[in-house]
Amino acid sequence: MATNLSNPKSVLFFGAVFAQFVKPEMGWEWFAIILLSLVLIGFIMSAGFALLVDVFAGFLDRYGYLVDIITGTIFVVLAMWMIRDGVIGLGAFVN
């Protein structure tokens, strides 16, 4: 958990997920389902990576820079989407 919280990419990812799916008018049940899903997905990904680290090491040595470019691009697009939604929301609030 500390590793994910200190990783800006993880924080952006979870912020993007929560911003898209969790709304104030939702009941606590949906919030709990989304939270449980995120925890489960995070656990599966972390456990899978730990089990396959030897396989990924060679790939990341060769193509790590591409992984950084692709994930960086995805997070920039998600950030722009969130900013756009925020600006639209502010515009509706002001009017």
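The values are calculated or read from the model by the stated rules, or taken from the named source; none is laboratory data. Because the structure is a prediction, the values reported are computed rather than measured. Positions of Cβ are generated from backbone atoms using ideal geometry, with glycine treated the same way; all protein chains shown enter the neighbour counts. Ligands, DNA and RNA are excluded from the accessible area calculation, which covers all protein heavy atoms including side chains. Shrake-Rupley method; radii C 1.70, N 1.55, O 1.52, S 1.80 Å.
For first residues located in the stretch 75-95 and farther than 14 Å from VAL17 by Cβ, partners that are of a type outside the set (Phe, Trp, Tyr) and open to solvent by less than 100 Å² (accessible area, probe 1.4 Å) and lie 6+ apart or on another chain with Cβ distances below 9 Å form the pairs GLY86/ALA19.
Looking at ILE34, ILE88, can you tell me which residue is in contact with a Phe, Trp or Tyr (Cβ under 6 Å, 6 or more places away or on another chain) and hydrophobic (A, V, I, L, M, F, W, C)?
On inspection, the qualifying residue turns out to be ILE34.
Scanning the stretch 1-36 for residues that are part of a helix (DSSP H, G or I) and not hydrophobic (A, V, I, L, M, F, W, C) turns up THR3, ASN4, SER6, PRO8, LYS9, SER10, GLY15, GLN20, GLU29. Within the stretch 9-22, residues that are more than 12 Å from ILE34 (Cα to Cα) have Cβ atoms under 8 Å from residues that are surrounded by 14 or more Cβ atoms within 10 Å (Cβ to Cβ) and of a type in the set (A, V, I, L, M) in these pairs: LEU12/LEU78; PHE13/LEU78; GLY15/MET82; ALA16/LEU78; ALA16/MET82, counting only partners at least 6 apart in sequence or on another chain.
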